[in-house]
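Here is the structure we will look at, set down as structure tokens.
What follows is calculated from the coordinates using simple rules that are stated; it is not laboratory data. Being a predicted model, the structure only gives us computed values, none of them experimental. Using ideal geometry, Cβ is built from the backbone for each residue, glycine included, and neighbour counts are taken over all protein chains shown.
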Amino acid sequence: MKVVVIGGGAAGFFGAITCAQQHPHCEVILLEKSNKVLAKVRISGGGRCNVTHACFHTGQLAKFYPRGSKTMLSTLQQFDAKDTVSWFESRGVKLKTEPDGRMFPVTDSSQTVIDCLWGEARRLGIDIKTSTGVASIKPLHMSDNEPTRFLLTLYNEEKIECDKVLIATGGNPNEAAYEWLTVGKHSLKSPVPSLFTFNTPASYLLDLSGVSVQQTIVKVAGTKLTQSGPLLITHWGFSGPAVLKLSAWGARELHELNYRFTLLINWLPEYNEETLRNDLLTYKQNNSKKLVATQALFNLPFRLWQRFTQRAEIGEQVRWADLPKKNMNKLIDLLSRGSFEVDGKSTFKEEFVTCGGVALENINWQTMESNVCKGLFYAGEVLDIDGVTGGFNFQNAWTTGYIAGKNIGIK
């Protein structure tokens with residue numbers, strides 16, 4: 001049986017390796033249109049590769065997927081994060097867990113993961129062809145309205161005939177990129193970007209790039225979109241887990257807003273306006289002779305606190321005893337409900353994730369085979385599944401790639 005895997009990323013490699021390992025009778029060919037494979041693996045996690053997340057309860061892990069959580073609840077029962085760790089460690093790639101739950105190779109190098117996947121593929125005799133793009137897929141030899149073979153036409157007009165096809169071409173925010181992938185009557189969820197940072201060109205914090213706050217609450221004004229977590233100030237706006245989660249869960253809504261909206265930030269999420277006012281008044285009473293601007297409160301970074309006091313028009317020599325009520329009110333508003341105008345987005349660390357793709361109702365989740373066209377399988381981000389940052393998108397690739405590879409070689 002000849003199996004062709006289209007896409008040389010994490011899902012494609014994992015599907016090809018699983019097929020070749022579990023079905024030795026299969027001839028497995030992997031086609032990648034660019035001149036290098038596993039490109040996203042290489043840049044992930046700042047070049048360290050965030051392999052998965054240390055969340056070993058299937059129900060909890062599935063909650064990290066804004067699109068496809070119910071599907072992942074099903075697929076993770078076949079191959080979960082614990083299976084991922086075992087798979088890599090049994091092949092010499094020992095993983096470590098960081099405080100936030102992300103798991104990386106102990107080498108802190110994505111090359112370790114690439115070498116493992118490449119080595120397994122070579123050991124199993126998988127034929128890897130780079131710079132080999134597929135222009136079209138045509139079902140052949142229809143029997144009872146089901147194809148028994150497929151004809152692939154490459155960019156160079158070369159043709160490959162095969163028995164089964166696994167499509168693992170990854171995400172793409174351009175809808176036209178999916179047209180040739182939806183063989184037959186597959187429906188498509190319109191793709192839009194996910195996991196991006198916010199541009200705030202008019203922000204008074206841009207020159208504080210690199211300053212971070214460990215816990216915040218971020219909201220999109222006029223919507224129900226809200227997330228919490230660490231926030232990072234950048235030279236273009238805001239990043240960090242809180243922003244990335246907000247961009248993921250709000251991917252479609254923010255797209256409809258054309259990435260122009262008001263971002264509200266509570267820099268002190270353990271407080272509301274009333275409790276914050278009470279604490280500041282108590283501090284003012286007990287520290288009346290201290291200067292407001294020279295000592296940061298609430299464990300906020302000093303440069304950020306200083307900027308807030310400047311913004312509240314509190315002079316450097318103003319003591320707490322002399323702080324006017326109007327300036328106190330402005331400081332409270334800045335701390336509890338800071339307002340920033342977002343005008344556009346930026347890709348997160350050269351990585352991109354797509355919300356959208358081949359509709360989930362088209363797929364048999366026990367096998368990853370198409371319900372529309374038998375013999376055609378899908379895996380990875382080409383499907384309408386995406387996770388938040390932290391190793392969840394790679395886990396989707398390993399999980400769906402494994403299930404597809406396990407079933408695609410069955411005669």
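State the Cα centre-to-centre distance between the range 357-411 and the range 1-58 in whole Å. If you average the Cα positions of each part, the centres end up 12 Å apart. The mean sequence distance of close C-alpha pairs (under 8 Å, at least 6 residues apart), as a share of the length of the chain, puts its relative contact order at 25 percent. Straight-distance candidates among the lysines for linking to Lys326, with alpha-carbon spacing under 17 Å and chain neighbours fewer than 8 residues away dropped: Lys284. Among (i) 0.96; (ii) 1.17; (iii) 1.21, find the value of Cα Rg over 2.2 N^0.38 Å that was calculated from the structure presented, and write down its label. Checked against the structure: label (ii). Report note on the peptides 403-411, 10-18, 284-292: ranked by the mean count of other C-beta atoms within 10 Å, highest first, their order is 10-18, 403-411, 284-292. Helix 10-22 and the long axis of the chain differ in direction by around 40°, with both axes built from C-alpha atoms. In terms of packing, defined here as the mean over residues of other Cβ atoms within 10 angstrom, the peptides 242-253, 213-224, 87-98 line up highest first as 242-253, 213-224, 87-98.
My understanding is that a pair violates if its Cα-Cα distance is over 32 Å; which of Lys96/Lys406; Lys94/Lys159; Lys40/Lys96; Lys138/Lys345; Lys245/Lys289; Lys129/Lys374 do that in this structure? Table pairs above 32 Å Cα-Cα are Lys94/Lys159; Lys138/Lys345; Lys245/Lys289.
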